[in-house]
Amino acid sequence: MSKIFFLIILTVILNCKTVIDESLIRVHPTITNIKPSSIKFFKDVLPTLSKKKILLVTNPSGIGNNPEKLIRKFSEYEIKLQYLVGLEHGFLGLDEDFSSTPVTIDSTFNVPIYHIYKLKPSDIQLLLSGVDAVVFDVQDMGMRCYTYLTVLKRIMDQIPDKRIQFILLDHVSPGLELATSGSEIKQGYENFAADFPLLFFTGLTLGESASYYNREFLQNRIDLKVIPVENYTRGMKFEKTGLTWNTPSPNLPNLDSARNYMALVFLEGVNVSVGRGTQAPFVYFGAPWFRESEEFASLLHADSKNDYYFQPVFFKPVFGPYKDKICRGLRMSVVNLNYNPIRLAYNLIKSMKEKYKRDFKWNGYQDKYFVDNLWGNDGFRKAIDNNLSFDEFHLTFANKEETYSKKIKKYYIY
């Protein structure tokens, strides 16, 4: 009798746990078995760098979130930090724009920090010639336009051989939940937001991307060590992993901004603010000329398939486009985490161009357009200018998605 009673109680407890788990917005970090790559790095990898000279690429989205621990551990193993590489938003992730000079002195470690977007390939070679290993640890977005992927490529390009070890701490990104999608980079459109030879949504983690690039383009000449996220299963929603979101830039402070960014980044190619310099970057968007925002929201809802919705909002950026000007606009909220960001961006900009004929403009100069730099070619912009539906536009690159989907699977770690 007692055995039957025990089984009944156990069944009730298990069922209750299932209900509780499914009701969670996200999994708490203390109850997940998924472990970030930093745990293995500090426990097993860092000791192997004893007495070596390293080049460190990180910010608060990686091991740079605890500089005191890095200083203590480097001292413990007599590791010499030769240089830091400055990412787009600086070592502390607080800078809103690129550094205006190629090199500064970092106040945390008191070592030179080199801003790679200001460096020539020969400058990067010179840096690498003075180190034994590169340690690379940042949160990415699974998107080619996110500049940390370009930094990865440009450093890898200049590593001459296996004498320099390249250690990469891998991360899971919200963009990884999407299949590889978008278009290739067309020759002549390479830039800091489009330099890595994958589709717009890469379909890979940074570690997988590094393995892909090392084999496909560098003939495996680099001694690459990728430290994986333990126990992660491909396809899991970021919120359900129990991994924390460590802000990779001032404009992606939380997962709402990150998920919106996957679509709203395309708005940087037109003359609106995307909320930079407000309390809600990549949640708000608009401009002083953005009239009848409620009517425009209704127009967008008709095409949304209930995957997202928009609300009218006023905001005043403190920097960037329309600095210190009151903007009318919309606030975007994602409902379905499986929404198609490229479809949303395309239809949003197409509708904006049609409704605001007098005010809408593509950002650019002479015959260069920033949206082309983002997309990797002029196809996105020209399809809208030629009034193609999204389905018609998608046909122009659908075969590339199929090709890359098959090509990249061999590099899956998860």
Report the one residue of Ala194, Ser351, Thr48 whose Cα lies farthest in the direction of the positive end of the charge dipole of the chain (charges on C-beta: Lys and Arg +1, Asp and Glu -1; origin at the Cα centre). Thr48
5 Å is the cut-off here: which amide hydrogens, built 1.01 Å from N in the peptide plane, fall below it relative to Trp362, excluding neighbours closer than 5 in sequence? none
Neighbour-count ranking for Asp324, Asp372 (other C-beta within 10 angstrom, fewest to most) reads Asp324, Asp372
Among residues other than Glu392 whose Cβ falls under 14 Å from its Cβ, what is the net charge (Lys/Arg +1, Asp/Glu -1)? +1
Net charge over other residues, Cβ less than 9 angstrom from the Cβ of Leu149 (K, R count +1; D, E count -1): 0
If Lys73, Lys51 are placed from fewest to most neighbouring beta carbons inside 10 Å, the sequence is Lys51, Lys73
Considering all projection directions equally, how large on average is the shadow of the alpha-carbon convex hull of the chain, in square nanometres? 24.2
For segment 373-382, Karplus-derived ³J(HN,Hα) couplings (6.51, -1.76, 1.60; θ = phi - 60°; whole Hz; x for glycine and proline) come out as 5, 5, 6, x, 5, 8, x, 4, 5, 5
Measuring from its Cα centre, segment 31-245 shows a charge dipole (+1 at each Lys and Arg Cβ, -1 at each Asp and Glu Cβ) which, in debye to the nearest 20, is 600
If you place +1 on the Cβ of every Lys and Arg and -1 on the Cβ of every Asp and Glu, how big does the dipole about the Cα centre of segment 255-377 come out, in debye to the nearest 20? 220
Can you bin every Cα-Cα distance in segment 255-414 into 10 Å intervals starting at zero and give me the percent of pairs per bin, rounded to whole numbers? 10, 38, 36, 13, 3
For Ser38, what is the net charge nearby, where nearby means another residue's Cβ is under 13 Å from its Cβ and Lys, Arg count +1, Asp, Glu -1? +1
Pick out, from Gly235, Tyr146, Tyr261, the residue whose Cα sits farthest towards the positive end of the charge dipole of the chain, with +1 on the Cβ of Lys and Arg and -1 on the Cβ of Asp and Glu. Gly235
Ordered by number, the chymotrypsin sites (Phe, Trp or Tyr not before Pro) in segment 181-245 that occupy a DSSP loop and have at most 16 other Cβ atoms within 10 Å are Phe192, Phe217
Segment 31-245: Kirkwood hydrodynamic radius (Cα pairs, Å) comes out at 17.6
With θ set to phi - 60° and the Karplus curve 6.51 cos²θ - 1.76 cosθ + 1.60, what are the ³J(HN,Hα) couplings of segment 342-351 in order, to the nearest whole Hz, using x for Gly and Pro? 5, 4, 4, 4, 4, 5, 5, 5, 4, 5
222 nm mean residue ellipticity, helices alone, for the chain (DSSP H n ≥ 4; -39,500 (n - 2.57); rounded to 500): -9000 deg cm²/dmol
Pull up the cross-link candidates among the lysines for Lys400, meaning alpha carbon to alpha carbon under 16 Å and not fewer than 8 places away within one chain. Lys186, Lys409
Grab the Cα-Cα distance for Lys225 and Gln311, subtract it from 0.36 nm times how many residues apart they are, and report the gain in nm with one decimal. 26.4 nm
Place +1 on the Cβ of every Lys and Arg and -1 on the Cβ of every Asp and Glu in segment 255-377, take the dipole about the Cα centre, and give the residue among Phe314, Val283, Trp375 whose Cα lies farthest towards its positive end. Phe314
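None of the figures in this text is laboratory data; all of them are computed from the coordinates on show. This is a predicted model, so every value here is computed, not measured. Using ideal geometry, Cβ is built from the backbone for each residue, glycine included, and neighbour counts are taken over all protein chains shown.
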